Amino acid sequence: MKRSTCLLVGFLLTVHLSAQDNIETTLDSIFSKHTLAGSPGCSVGIVKNGKLLHIYRRGLANLSYDIAIREGTVFRVASIAKQFTAACIGLLIVDKKLSLQDDVRKYIPELPFYGNVITIQHLLNQTSGIRNYNVLQDIKGYNPELEGVSNKEVYELLFRQKGINHVPGEKMLYSNSNYVLLALVVERVSGNSLHEFAAERIFHPMGMNNTFFKTSNREIIKNGAYNYYKDAKGYKQAMALNIITGAGGLYSTVEDLAKWTTIFSSTDSLSKTLASFLTTKDTLSDGSFSGYGRGVFVDAYKGYPTIHHSGMDLGLKAQMISVPSENLSLIILSNLESINAIDLSYQILDLLLKGVLSTQTKGKIYIHKKTALQHFTGDYQEINSDLTIRILVENDTLKAKNRLSRLAVPLVASGKNEFERINNASVTHKFNTQEERKWDMAVDFAGATFYFEKVQLVEAASVKANEYVGEYYSAEMGVTYSLSAQDNELLVSFPYNPKIKLTAGQQDEFGSGNRTRYIFQRNKHGEVISFTIASEGTVKDILFEKVSSIKRSVNKKIE
């Protein structure tokens, strides 16, 4: 472990930590619970008034050679890349080479037309409705440690899609596809790859000399941190073979990202323009604002406006959060998958803002009677996935319980129909009480909103699993799913995924691991002929037809 040599007394006083507190010891106490001696670790940067005033480093960048995380260690930062892709689009707009309201198909005519124009703004603000390519890959059957996928394969997959999740501009639904498409827009408008354009217009001018989009698995990354996860046998090196830029694919250091965070409080003209561009939310069709800016989430934490984005992938977690009013930013880069960079960032932020939090204006406190709380109770299923949350009342307290969780999490009222999780205020539950509504509960996970409907779950014993057995093919995905029954339990098999157990949901619906929702259809004789898949909140309506039904349909056409 390396310790920063800079003196922090003035800084600590500025951010209201008592002078006798030692930031290094404090961070040690926080991260020692998550990393052991000789394990992968992290690099943490604290930026105040435009200066990187403290760096905390812990753990190893390379377990094979016991190489410590040190100054200039380069990490893969996953979705933190999105703000740089968005900034490249912003610079092209400044150059008057494109417009926010341009139809995406002006630059990518291969993208199907889905009945409504999808604009550059829709991609930036995550309101396009375009299906998330990561989830599409999972549905097709995919192992990132065995197969390498590039932007080219992602584009081919997206151009084959026959539908989208919602009308563009109707809601914010996070999809990595938006930013892979924006990378293609940058390339076609500028004549340079995203890697080249970002280097020329952002990274080099800002002195971010160790920041780049990776373009090849053969590329040598000096001072690079290897990524790891842990299983029952110990640490394993994550070997993701993807080379996909735009939504991710970025490598950087704490030192470089500290320079980038200064744009959110800089008085420089171009920085102010970019900061304003990135933090502008889209106005949805119902007049409300989305929780996503352009490449960053823009919301508030305990009364403070914040700008943030996390990153996660095989063997890594990252988080970058800025509090412009305090000229304060925090960066966490980790090469260990089990480190929860988001939760840890807010834990550290609470310490940095200690003494200031109490000065914030408190909102109205809402107190509900137990009878009123009962109106919110029931089983809720995410519209585009198998995620089910039970809302219940225990000891006069509203609680939320995930199907896979042992304990229910207490909810604290923050509004008439809005609640926060007591253990994580960045997760909120909003209940829709309007008579005409498309959803019953919206859960905001630190800026990413997912929509739930109240459902009536069937008893597993009443399900006849044999009715669903067969081979089902999706022309859209080019893959066959095999469904079998064992002890009246339904099992699904597809590439890299043998015999996954499905659990009963609503009538003619099943789910797998809180992720994928299988919705079966029957013909007029009551026979199961197809199912559609919705998965992870960002993909819906993928059709799989029973092979026997397809053959019958073909034979009828021949006759």
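The values are calculated or read from the model by the stated rules, or taken from the named source; none is laboratory data. Worth saying up front: this structure is predicted, and the values here are computed from it rather than measured. Cβ: placed from backbone, ideal geometry, glycine included. Neighbour counts: every protein chain shown.
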On the basis of being closer than 21 Å to Ser290 by Cα and of a type in the set (A, V, I, L, M), does Ala460 make the cut?
no
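Can you report the number of residues in the range 86-122 which are without any contact (Cβ under 8 Å) to a residue 60 or more places away in the chain, in contact with a Lys or Arg (Cβ under 9 Å, 6 or more places away or on another chain) and among the hydrophobic types (A, V, I, L, M, F, W, C)?
Restricting attention to the range 86-122, the residues satisfying the condition of being without any contact (Cβ under 8 Å) to a residue 60 or more places away in the chain are 95-96, 99-103, 105-106, 109-110, 112-119.
Now restrict to residues that are in contact with a Lys or Arg (Cβ under 9 Å, 6 or more places away or on another chain): 112-114, 117-118.
Filter once more, keeping what is among the hydrophobic types (A, V, I, L, M, F, W, C): 113, 117-118.
Residues flagged as without any contact (Cβ under 8 Å) to a residue 60 or more places away in the chain, in contact with a Lys or Arg (Cβ under 9 Å, 6 or more places away or on another chain) and among the hydrophobic types (A, V, I, L, M, F, W, C) within the range 86-122 amount to 3.
A quick yes/no check of all residues on (1) surrounded by fewer than 24 Cβ atoms within 10 Å (Cβ to Cβ); (2) of a type outside the set (A, V, I, L, M, F, W, C):
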| position | (1), (2) |
| --- | --- |
| Ala37 | yes, no |
| Gly41 | no, yes |
| Ile46 | no, no |
| Lys51 | yes, yes |
| Arg57 | yes, yes |
| Ala68 | yes, no |
| Gly72 | yes, yes |
Given the conditions (1) at pLDDT 95 or above; (2) over 28 Å from Leu36 (Cβ atoms); (3) assigned to a loop (DSSP other than H, G, I, E, B), and given that Ser285 satisfies all but one, which numbered condition is not satisfied?
(1)
Just the residues that are under 19 Å from Asp379 (Cα atoms) and in a helix (DSSP H, G or I), please, taken from the range 454-471.
Ala460, Ala461, Ser462
Residues that are touching a residue at least 12 places away in the same chain (Cβ under 8 Å), assigned to a loop (DSSP other than H, G, I, E, B) and within 21 Å of Ser252 (Cβ to Cβ): does the range 264-275 have at least one?
yes
So for the range 519-529 (the condition being farther than 30 Å from Val298 by Cβ, under 30 Å from the mean Cα position of the chain (by Cα) and not assigned by TED's automatic domain parsing to the domain that holds Ser322), does at least one residue qualify?
yes
Condition test on Thr215, is it touching a His at 6+ places or on another chain (Cβ under 9 Å), in a loop (DSSP other than H, G, I, E, B) and without any contact (Cβ under 8 Å) to a residue 40 or more places away in the chain?
yes
Part of a strand (DSSP E or B), acidic (Asp, Glu), modelled with pLDDT of 90 or more and in contact with a strand residue (DSSP E or B) (Cβ under 8 Å, 6 or more places away or on another chain): does that describe Asp444?
no
Over the range 46-60, the set of residues more than 20 Å from Leu344 (Cα to Cα) and in a strand (DSSP E or B) is Lys51
Number of the condition not met by Leu328 [criteria: (1) at pLDDT 95 or above; (2) closer than 21 Å to Lys33 by Cβ]
(2)
Could you list, in sequence order, the residues of the range 237-256 that are within 30 Å of Arg131 (Cβ to Cβ) and not β-branched (Val, Ile, Thr)?
Ala238, Met239, Ala240, Leu241, Asn242, Gly246, Ala247, Gly248, Gly249, Leu250, Tyr251, Ser252
Specify which of the listed residues (Thr26, Thr14, Thr5) is out of contact with any Asp or Glu (no Cβ under 7 Å at 6 or more places or on another chain), within 21 Å of Ala341 (Cα to Cα) and modelled with pLDDT under 95.
Thr26
Residue in the range 414-426 that is farthest from the chain's Cα centre (by Cα), counting only those that are surrounded by 17 or more Cβ atoms within 10 Å (Cβ to Cβ), assigned to a strand (DSSP E or B) and at pLDDT 85 or above
Phe419
Check whether at least one residue in the range 284-298 is closer than 26 Å to Ser43 by Cβ, touching a Leu at 6+ places or on another chain (Cβ under 9 Å) and surrounded by fewer than 22 Cβ atoms within 10 Å (Cβ to Cβ), and report yes or no.
yes
Restricting to the range 476-509, and then to whatever is in contact (Cβ under 8 Å) with a residue 60 or more places away in the chain and either in contact with a His (Cβ under 8 Å, 6 or more places away or on another chain) or under 18 Å from Lys546 (Cβ atoms) (or both), can you tell me which residue is surrounded by the fewest Cβ atoms within 10 Å (Cβ to Cβ)?
Gly478
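Test of understanding: among Asn178, Asn165, which residue is under 20 Å from Gln83 (Cα atoms) and in the same structural domain as Val298 (by TED's automatic domain parsing)?
Asn178
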Taking Glu471 and the conditions (1) out of contact with any Ser or Thr (no Cβ under 8 Å at 6 or more places or on another chain); (2) under 22 Å from Ser530 (Cβ atoms); (3) among the acidic types (Asp, Glu), which numbered condition does it fall short on, given that it satisfies the others?
(1)
Residue check, Tyr380 against (1) modelled with pLDDT of 90 or more; (2) touching an Asp or Glu at 6+ places or on another chain (Cβ under 7 Å); (3) surrounded by fewer than 16 Cβ atoms within 10 Å (Cβ to Cβ); (4) not polar (S, T, N, Q), all met but one. Which one?
(3)
